[in-house]
Amino acid sequence: MKKVAVEDAVGHVLAYDITEVNLAKGLKHRAYKRGHIIAAEEVEHLKSLGRRSIFIEDGNSTGVHEDDAARIAAPLIAGKNIKYDAETSEGKVSFYAEIDGLFKVDEERLFEINNIGVPSLPTIHNNMSVEAGKQVAAFRIIPLVCEQSVMDRVKEILDTPLIEVKPFVIKTAAMLITGSEVYEGRIKDGFRPKLEPKLKRWGVDLIDYRIVPDEPEIVIKAVKEMAEKADMLITTGGTSVDPDDITAQALLDAGVTYEMKGSQIQPGNNMTMGYYGDKPVCAIPAAALHFTATSFDILLPRILAGEKIGKKDMALLAHGGLCHFCSKCVYPICPFGRG
């Protein structure tokens, strides 16, 4: 590449994309594409963009151009169910989810790449649920050109894909409402209206729904029957520290196993995550009735993607696991549960 005055660039090939920003029009776009042959009538426009000199191709370029760096990195970054731009723009390539699912990124290797200092590879948060078409990452090098050694290091780090979207494998759920006061009609069940839409959003059908009294044998029987027919079982009520709350013990007696009772996330401390064989069982506390997002919402995408949630996962989620209790909830686009 060669740096020349704008007036001297007429008839030459532009060596990089040039961006135009027009605040009055709310515009930010690529005004000139790399490879464009500069015309005399474009000189004044280039000057209005703040260009007194520009880089043209001269056949003597060394290092790796921003466009080439993006093209090299893109197929190495993208894993399963990730697509990326067919063409770079302003030296950048963006990555998108191809399916609804759980976004995964190797955080340690992501740090390694960005710690080089020349590449820029931001992503959305690990373990976020995404819809098909959602942008999840972007890559570019910050300067126009970088040393070959930089891209050699990037390729070393990206020996396996960095990002992917795991499909949701849970397709059916059963919901067991426990509580004699609900069973007897003294109060109306508020859990189903809250939880069923969250399941439907990700394609999970509620195939069984029952309300039972606080009688251990009845709860145990219902747990076994419902867990056998659905991919996932949700129970509500009877999970707090009240001596009359029998659901957690009934789950154990029915054969549900879990490493710990409750979670470190607030709200939703009393959510119990267990398994009936290999099927997830979630005991949802009353917090789900009062808050838009609780521990259940944080864990749900990972559960639907078939990830097994254990004691260590719960402990790690304590960092960022305290809701900000905003006056207007914007979850999931917020720090809650992001670590």
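What size of dipole, in debye to the nearest 20, comes out for region 96-245 about its Cα centre when the only charges are +1 on Lys and Arg C-beta atoms and -1 on Asp and Glu C-beta atoms?
Numbers: 19 positive and 27 negative charges, 119 e Å.
Computed charge dipole of region 96-245: roughly 580 debye.
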Worksheet entry | Hydrodynamic radius of the chain per Kirkwood, over alpha carbon pairs, in Å | 23.4 Å
Practice prompt. Just the number, please: carbon plus sulfur as a percent of the accessible area of region 23-131, 1.4 Å probe, no ligands or DNA/RNA counted.
Written response: 49 percent
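Let me check I've understood the local charge: for ARG192, count other residues with C-beta under 13 angstrom from its C-beta, Lys and Arg +1, Asp and Glu -1. What total comes out?
Local charge sum for ARG192: +2.
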Response to the item:
Which of ASN115, ASN270, ASN81 fluctuates most in a GNM of the chain (C-alpha springs under 10 Å)? That residue is ASN115
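How large is the accessible surface per residue of region 1-119, computed with a 1.4 Å probe and reported in Å² as a whole number?
Values: 6370 Å² over 119 residues.
I get 54 Å² per residue for region 1-119.
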Fill in: Alpha-carbon centroids, region 296-323 and region 71-150: separation in whole Å
24 Å
Fill in: Subset of LYS171/LYS194; LYS83/LYS171; LYS2/LYS33; LYS92/LYS134 violating a 20 Å alpha-carbon distance limit
LYS83/LYS171
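What helices does the chain have that are whole DSSP H segments, at least 15 Å long along their own axis by Cα, and with mean Kyte-Doolittle hydropathy of -1.0 or more?
Values: long enough: 66-77 (16 Å, 0.28); 191-201 (16 Å, -1.55); 216-229 (20 Å, -0.06).
Qualifying helices, which must be both long enough and hydrophobic enough, are 66-77, 216-229.
Summarise the accessible area of region 250-339 (1.4 Å probe, protein heavy atoms) by the percent that is carbon and sulfur.
Values: 2350 of 4140 Å².
Ligands and nucleic acids excluded, carbon and sulfur give 57 percent.
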Fill in: Per DSSP, loop trypsin sites (Lys or Arg not before Pro) in region 51-109 with at most 11 further Cβ within 10 Å
ARG52
Worksheet, complete the sentence: Compactness check, region 195-322: C-alpha Rg relative to the 2.2 N^0.38 Å globular estimate gives 0.99
Fill in: Partner aspartates and glutamates for LYS3 [C-alpha distance under 15 Å; skip if fewer than 8 residues away on the same chain]
ASP17, GLU57, ASP58
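The values are calculated or read from the model by the stated rules, or taken from the named source; none is laboratory data. In this text the structure is predicted, and so the values were computed from the model without any measurement. Every residue, glycine among them, receives a Cβ derived from its backbone with ideal geometry; neighbour counts consider all protein chains shown. Ligands, DNA and RNA are excluded from the accessible area calculation, which covers all protein heavy atoms including side chains. Shrake-Rupley method; radii C 1.70, N 1.55, O 1.52, S 1.80 Å.
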